[in-house]
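The values are calculated or read from the model by the stated rules, or taken from the named source; none is laboratory data. Bear in mind that the values here come from a model prediction, so they are computed numbers and not experimental data. Note that each Cβ is placed from the backbone with ideal geometry, even for glycine, and that neighbours are counted across all protein chains shown. Areas reflect the complete protein model, heavy atoms only, side chains present, ligands, DNA and RNA absent. Shrake-Rupley method; radii C 1.70, N 1.55, O 1.52, S 1.80 Å.
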Amino acid sequence: MAELTEKISRYKTELAEELKNILRYWYDHTPDEVSGGFFGRLDNDSQVIAGAPKGTVLNARILWTFSAAFNQVPNADYLTAAYRAYDYICLYMIDYKDGGVYWSVDFEGQPLDTKKQVYAIAFTIYAFSEFYLASGDEAVKQKAIDLFYILVEKAYDPAQTGYFEAFTKDWQPIGDLRLSAKDANEKKTMNTHLHVLEAYTNLYRIWPDKALKQHLSVLINNFFDHFINQQTYNLNLFFDEDWNSKSGLVSYGHDIEATWLLLEAAEVIGDEGAGDRIRDVSIKMAEETLKAIDADGGLWYEYEPAEDRPIKEKHWWVQAEAMVGFFNAWQISGDEKYLDQSIGSWEFVKEKILDKANGEWFWGIKPDGAIMHTEDKVGIWKCPYHNGRACMEIIKRIG
């Protein structure tokens with residue numbers, strides 16, 4: 001018992017220090033003092049890419065991270081950074097005419113990609129809910145609620161449930177629904193639903209509304225009815241509007257991330273029955289994910305079943321979610337192998353993913369162990385949310 005206590009205590013201490021390092025990097029390197037907000041892109045060596053677009057998802061994730069950090073450790077710098085992100089989103093990224101948020105603006109804040117991606121709106125709800133807890137500003141809470149209403153009105157499928165992926169600026173059908181070029185161009189995706197679930201869960205903490213609770217219940221059921229493959233215990237990723245699965249691709253980071261986000265949602269709305277179902281399936285999904293842990297302790301990125309081919313890159317966010325997901329599996333089951341894997345994922349990060357020279361985490365490593373130098377340190381997708389959240393979540397759970 002003493003050995004276990006020491007192991008957990010050391011884990012918490014190391015993550016508390018790493019959280020400070022992550023936040024200091026973003027506070028020191030990313031504010032754009034000329035054009036406002038935060039730089040849209042820094043390369044692997046932390047050099048600013050001039051004129052890079054500024055993504056709403058990145059800014060919302062910055063806002064969430066600094067708000068959550070302030071809510072855990074009330075450091076004035078964290079709140080300053082949160083206000084900076086919030087003000088920029090409100091000034092440039094919210095579409096006050098048609099509702100929702102833009103996908104991106106240019107480096108000076110002018111609308112660039114104006115399509116309405118449900119994923120980006122979800123992250124803005126998530127961030128505003130957290131910032132309300134940090135700021136106490138009722139206007140922030142109302143903005144989060146307004147975004148919830150626009151999603152339900154414009155993006156929810158009342159016939160089959162679920163959320164359509166994307167729309168034009170004025171909420172008309174759009175040809176290219178994808179978040180990124182690697183995604184299947186389908187109308188409903190697991191990734192977007194997972195982060196709508198996450199956003200609504202955070203919103204419910206500050207606004208326990210009956211309609212919101214019902215939408216969370218429907219989202220949880222969507223995972224059991226469609227997203228969780230009951231044969232393989234991986235997630236199905238892409239669907240048409242009638243919930244026909246359109247891809248067999250496996251995303252290990254999403255699999256392990258979903259386990260703890262689903263349980264959090266059930267617990268926040270007080271649904272004990274759903275919580276029991278999620279605990280059971282979470283262990284099965286964690287077991288399946290363990291099969292993708294490499295000999296060095298890192299978690300592979302994806303698996304393509306049609307070719308029986310694992311994609312053995314090891315991305316930063318996948319390791320961060322493994323840290324939380326396996327810790328959650330240990331808390332559910334009491335089986336110490338999951339705790340050991342959570343810590344093992346952190347040991348892998350320390351050895352292979354931390355940029356000890358320039359700060360923050362590398363995007364990842366290639367199958368041969370080489371650092372992915374051409375990927376961003378900061379960008380549309382590279383953010384402080386996954387790794388910062390992993391530190392905060394495990395610190396909170398250790399208590």
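Couple of notes before you dig in:
- Dipole magnitude for the chain: about 460 debye, using +1 per Lys or Arg Cβ and -1 per Asp or Glu Cβ, origin at the Cα centre.
- Choice from Lys213, Lys246, Lys314 showing the highest fluctuation, given a GNM over the chain with Cα pairs closer than 10 Å: Lys246
- Surface accessible to a 1.4 Å probe, per residue, for the residues of the range 1-141, Å²: 41
- Hz values of 3J(HN,Hα) by residue in the range 144-152 - Karplus curve (6.51, -1.76, 1.60), Gly and Pro given as x: 5, 5, 4, 5, 4, 4, 5, 5, 5
- Net length gained if the chain between Glu3 and Cys90 were fully extended (0.36 nm per residue, minus Cα distance): 26.4 nm
- Mean-square fluctuations from a GNM of the chain, with a 10 angstrom spring cutoff on Cα atoms, peak among Ser251, Ser129, Ser35 at Ser35.
- Label point of Leu112 set 7 angstrom out along Cα-Cβ; within the range 50-75, amide nitrogens under 15 Å from it belong to 50-60.
- Farthest positive-ward along the chain dipole, Cα basis, beta-carbon charges - from Ala286, Ala181, Phe38: Phe38
- Heavy-atom accessible area order for Tyr338, Tyr83, largest first, 1.4 Å probe: Tyr83, Tyr338
- Mean-square fluctuations from a GNM of the chain, with a 10 angstrom spring cutoff on Cα atoms, peak among Pro158, Pro53, Pro384 at Pro158.
- Size of charge dipole - the range 158-254 - debye, nearest 20, with Cβ of Lys, Arg +1 and Asp, Glu -1, no other charges: 240
- Backbone N atoms of the range 326-341 closer than 12 Å to the 7 Å Cα→Cβ label point of Arg10 are not found in any residue.
- Near the amide H of Phe38, within less than 5 Å, lie the amide hydrogens of Asp32, all on another chain or at least 5 residues away, with H placed in the peptide plane.
- The chain: C-alpha gyration tensor shape, a/c 1.5 cut-off, then a/b vs b/c: rounded
- Placing a pseudo-label 7 Å from each Cα along the Cα-to-Cβ vector at Ile174 and Glu287 gives an inter-label distance of 4.1 nm.
- Extension gain, Glu153 back to Glu347 (0.36 nm per residue minus Cα-Cα distance, nm): 65.3 nm
- Listed values for the range 28-34 are Karplus-derived 3J(HN,Hα) couplings in whole Hz (6.51 cos²θ - 1.76 cosθ + 1.60, θ = phi - 60°), namely 7, 9, 9, x, 9, 7, 8, and x replaces Gly and Pro.
- Rounded percent of accessible protein surface that carbon and sulfur make up, the range 327-397, 1.4 Å probe: 50
- With the whole protein complex present, Val48 retains an accessible surface near 70 Å², based on a 1.4 Å probe.
- Between Ala139 and Asn358, the simple spin-label model (points 7 angstrom out along Cα→Cβ) gives 3.8 nm.
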